[in-house]
1. So is VAL422 modelled with pLDDT of 95 or more, within 19 Å of GLY330 (Cβ to Cβ) and not polar (S, T, N, Q) or not?
2. Scan ALA87, ALA75 and give me the residue that is under 16 Å from HIS202 (Cβ atoms) and not hydroxyl-bearing (Ser, Thr, Tyr).
3. If you go through segment 471-492, how many residues are within 21 Å of LYS527 (Cα to Cα) and over 26 Å from the mean Cα position of the chain (by Cα)?
4. Picking from SER410, SER450, SER437, which residue would you name as being under 30 Å from ALA114 (Cα atoms) and modelled with pLDDT under 90?
5. Is there a residue being aromatic (Phe, Trp, Tyr) and closer than 27 Å to ARG33 by Cα anywhere in segment 184-199?
6. Scanning for something touching a helix residue (DSSP H, G or I) at 6+ places or on another chain (Cβ under 8 Å), at pLDDT 95 or above and farther than 23 Å from ALA46 by Cα, does segment 268-283 turn up at least one residue?
7. Considering each of MET246, MET258 in turn, give the residue that is modelled with pLDDT of 95 or more, buried (at least 19 other Cβ atoms within 10 Å of the Cβ) and in contact with a helix residue (DSSP H, G or I) (Cβ under 9 Å, 6 or more places away or on another chain).
8. Does segment 290-310 include one or more residues that are assigned to a helix (DSSP H, G or I) and aliphatic (A, V, I, L, M)?
Amino acid sequence: MTLRAHMMERPLMISDILAHAARCHGDQEIVTRLPESGQIHRQGYAATHQRTKQLANALIKKLKVREGDRVATIAWNSHRHFELYYAVSGIGSVIHTVNPRLDPKQLIWMLDHAQSKVVFFDKTFAPLIDAISKHCKSVRHWVLMTDASHKDGVATKCQSYEELIADQSTQYEWPMFDENTAAGLCYTSGTTGDPKGVLYSHRSNVLHALACSASDVIGVGARGTLLPVVPMFHVNAWGIPYAAPMNGAKLVMPGAQMDGPSIHELIESEGVNYVAGVPTVWLGLLQYLQKSGKRIDSVERVLIGGSALPEALLRAYEDEYGVVMQQGWGMTEMSPLGTVNNLLPKHDALDREAQIKVKLKQGRLVFGVGMRIVNDDGEELPWDGKSSGHVQVQGPWIASSYYRGAGAESFTDDGWFKTGDVAYLDGDGFMTITDRSKDVIKTGGEWISSIDLENAAMGHPSVGMAAAFGMPHPKWQERPLMVVQLKEGAEPDAASIIEYLRGQVPKWWLPDAVEFIEEMPIGATGKILKTKLREIYAGYEFPPVDG
């Protein structure tokens, strides 16, 4: 007979995170560059908690939001967006964070599929809202995330955020309910077919935030100042809006300005020591630093995710600016963190080049994430650092299905999620992704890693961005085509890029051609859109080989 423990059964509630921050870190700031004006706004966690209670009252009394209703946001990182994270889920409703970079038709489809009843939006997205609002059948209220003075120029009938909450009481008792109640809804980027909804719970978000708090994951405490450049509409900004207040960290919200000079200004003025975002952000900041001669000496670590960390980017930040580059991996379906890269004590004895090889891996498993690598027949492969296969995951903050029953084929019969990544694991739990299943270049019966090929090309002094993908070949099935966006002022020189790659990758990996593009297509989450590149270069024929 099982002996039952004598522990309290208190549900894990998202509202408890902010209540804790207000009590124990009330003066710690959330600093926002306001999207509507560019001005700097400051308020502590205690004041934020009071405003969040006002917002909760307004949602219930004015907007008639009920438990389980979806409340959408089309907004940048700001204190108001942060307040919505807590007020909406705190009353038992679901915050539906919408990616404004998606096609308007997808946005309309997404709001309709989620049946969102209210949409909060930043003024920079007013033209987008004016274009889609008449087509969103389920939306009853539109709320502009400003004060009343910024309502000019918005055609859609709406009220302002500050007007909405101004007359509401700061008294509100956060209700307790089942911790498995839905709290957030985020859709995948929908690169193939319609986007799929991932429905997060209070339990999953709190457990994910606790995992983020570990020193080898994000681990920023009350002495930390954290700048999430990763948007709050992208997988809950990697859990940072929950993990930061849980640990009393200062938050710096960049609003709509995420260019190199603007990010540098915030880092310098607020003493930021931890930053998180996708590689394209850090490429832009690096180019600004190198051009201006400025530095980011307060920054200790940068967490990079969304796509692989290029070696050239790692070396530039670590060698020139003394910033530790920390690579992470995850997915919308994983809330999102699955692995984070931190060197182990045994790596201290390695020389610099050997350490870089370790740092370029996607990282070690975060506690709570189960992982296995399987072959095409579903047989599990060993963690030997060389057996490459399909990545499958499971855990308490990983989706068990998609919202409204879509995409059942992405889940196995025994309860694992198929990530679509191809990777291998070593004995220390470090994962190395070799490719996405759909992006592996299959040539003559062998596989070429497009990620490794791109990272190698990024070391060329003229290459700003690089994308490699397979194109049909009459003899080899597929051969790699490399598409390059040059750095400012650089001249196209395909031969020098191929020559640069020679010796860095196997000879048979060398691209059969290099094409130059003025502007690389970037997707809604900051990744290079290979689907768009395949459309641009559809029907491409490789030049004949001499002789």
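The values are calculated or read from the model by the stated rules, or taken from the named source; none is laboratory data. Being a predicted model, the structure only gives us computed values, none of them experimental. For neighbour counting, all protein chains shown are included, and Cβ atoms are generated from backbone atoms with ideal geometry for every residue, glycine included.
1. Working: modelled with pLDDT of 95 or more: no; within 19 Å of GLY330 (Cβ to Cβ): yes; not polar (S, T, N, Q): yes.
Spelling it out, it is not the case that VAL422 is modelled with pLDDT of 95 or more, within 19 Å of GLY330 (Cβ to Cβ) and not polar (S, T, N, Q).
2. ALA87
3. 4
4. Details: SER410 fails: modelled with pLDDT under 90; SER450 fails: under 30 Å from ALA114 (Cα atoms).
Within the list SER410, SER450, SER437, the selection yields SER437.
5. yes
6. There is at least one residue in segment 268-283 that is touching a helix residue (DSSP H, G or I) at 6+ places or on another chain (Cβ under 8 Å), at pLDDT 95 or above and farther than 23 Å from ALA46 by Cα.
7. On inspection, the qualifying residue turns out to be MET246.
8. Checking segment 290-310: not a single residue is assigned to a helix (DSSP H, G or I) and aliphatic (A, V, I, L, M).
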